[in-house]
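Participant: The structure that follows is given in the form of structure tokens.
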Amino acid sequence: MTARALEIAAKPHPFRVPERDAVALLVIDMQRDFLEPGGFGAALGNDVTRLQRVVPTIRRLLDAFRQHDLPIIHTKEGHRPDLSDCPSAKRSRGAPGKQIGDLGPMGRILILGEPGNDFVPELAPAPGEIVVPKPGKGAFYRTGLDARLAALGVSHLIIAGVTTEVCVQTTMREANDRGYECLLIEDATESYFPEFKAATLEMVRAQGAIVGWTATASAVLEAL
Ligand code: TIU
């Protein structure tokens, strides 16, 4: 192992990064729309307070990546104000009057540029960090993320964010199919459904890391 390699204690076995410049932190959808009352998550009938527990852990990961000058990408699920990028199959989710584009207490639900669609203040991107708006659950769908990672020389992704079994898992599977090695941070991802989070962690690392690895945030901080 060279001095610039990383080895992170993980399941089902250590996550190895041959060269630390090849790693990026990918933070999925840490937006008010999912974490605060009155947003998209609440409109779908969820208790959004569950998701708030991972904010301090993600902040610790962000601080470490900033300190080591490693790339950070923040994704943001949202749609254009004219909804031209929102298929009816997606808009029809949620009770009438609380669908994507409808007016809520934080502005129009899941619309780019609205107050509720912004990041939670503790996890706001710093200058120079990449922000990727995305119309789908997966961060690679109609975003150009793959090309941006290639330009940075990134091959290994440390993944955090919400929700574990929806946007996080979809993104991890998309990344895996595109050849990225993926490490999902157990205490930096959360779901409205604890059983879905647990099942997702199990299924991604099963079969010898069929989709990727999982580790704690502490393991990442120790390795860095
Ligand atoms: N509903 C739900 O669990 N999640 C989403 O709609 N988006 C993300 O996971 N970001």
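Every number here is computed from the coordinates shown, using simple stated rules; none is lab data. Quick caveat, the model's predicted, so the values are computed rather than measured. Note that we place each Cβ from the backbone using ideal geometry, even for glycine, and neighbour counts take in every protein chain shown.
Participant: Let's test the formula: R0 of 35 Å, r as the Cβ-Cβ distance of Ser92 and Leu224. What FRET efficiency results, to the nearest 0.05?
Facilitator: The value I calculate is 0.20.
Participant: What fraction of the DSSP beta bridges in the chain is antiparallel, stated in percent and rounded to the nearest 5?
Facilitator: The antiparallel proportion sits near 20 percent.
Participant: How much net charge surrounds Arg66 when only other residues with a Cβ under 15 Å from its Cβ are counted (Lys, Arg +1; Asp, Glu -1)?
Facilitator: Net charge in that neighbourhood comes out at -1.
Participant: So for region 96-224, averaging the separation of alpha carbon pairs under 8 Å that are six or more residues apart and normalising by length, what relative contact order in percent results?
Facilitator: Contact order relative to length: 16 percent.
Participant: If packing is taken as the average count of other Cβ atoms within 10 Å, what order do 12-20, 136-144 fall into, highest mean first?
Facilitator: Ranking the peptides 12-20, 136-144 by packing returns 136-144, 12-20.
Participant: Let me ask you something else. Regarding region 94-224, what's the average projected area of the Cα-atom convex hull, expressed in nm²?
Facilitator: One quarter of the hull surface, i.e. the mean projection, equals 9.6 nm².
Participant: Where does the Debye-calculated log10 I(q)/I(0) of region 63-147 sit at q = 0.25 Å⁻¹, using only Cα point scatterers of equal weight, no solvent?
Facilitator: Computed log10 I(q)/I(0) values: -1.27.
Participant: Pull out the extension gain between Arg16 and Glu122, defined as 0.36 nm times the separation in residues minus the alpha carbon to alpha carbon distance; nm, one decimal.
Facilitator: Once the chain is fully extended between Arg16 and Glu122, it gains 35.2 nm.
Participant: Roughly what angle does helix 194-209 make with the longest principal axis of the chain, taking Cα atoms, 0 to 90 degrees, to the nearest 10?
Facilitator: Here the helix axis deviates by roughly 40 degrees.
Participant: Do you know the relative contact order of the chain, to the nearest whole percent, from alpha carbon pairs under 8 angstrom that are 6+ apart?
Facilitator: Here the relative contact order equals 27 percent.
Participant: Quote the convex hull volume per residue of region 1-40, based on C-alpha atoms, as a whole number of Å³.
Facilitator: Once divided by residue count, the hull of region 1-40 is 104 Å³.
Participant: When we measure straight from the Cα of Lys11, which lysines land under 18 angstrom away, once same-chain ones fewer than 8 places off are left out?
Facilitator: The reachable lysines, counting only those whose Cα sits under 18 Å from Lys11, are Lys197.
Participant: Follow-up. Could you state the number of Å between the C-alpha centres of region 56-98 and region 146-224?
Facilitator: 15
Participant: Starting from the Kirkwood radius over alpha-carbon pairs of the chain, derive D by Stokes-Einstein at 25 °C in a medium of 0.890 mPa s and give it in µm² s⁻¹.
Facilitator: For the chosen part, D equals 140 µm²/s.
Participant: Ok, one more. Give the cross-link partners of Lys98 among the aspartates and glutamates, using a straight C-alpha distance below 19 Å as the criterion and excluding same-chain residues fewer than 8 apart.
Facilitator: List returned: Asp33, Glu36, Asp47, Glu77, Asp82, Asp85, Glu114, Asp118.
Participant: Angle check, please: helix 55-67 long axis (alpha carbons) against the longest principal axis of the chain (alpha carbons), in degrees 0 to 90, nearest 10.
Facilitator: Roughly 50 degrees between the two axes.
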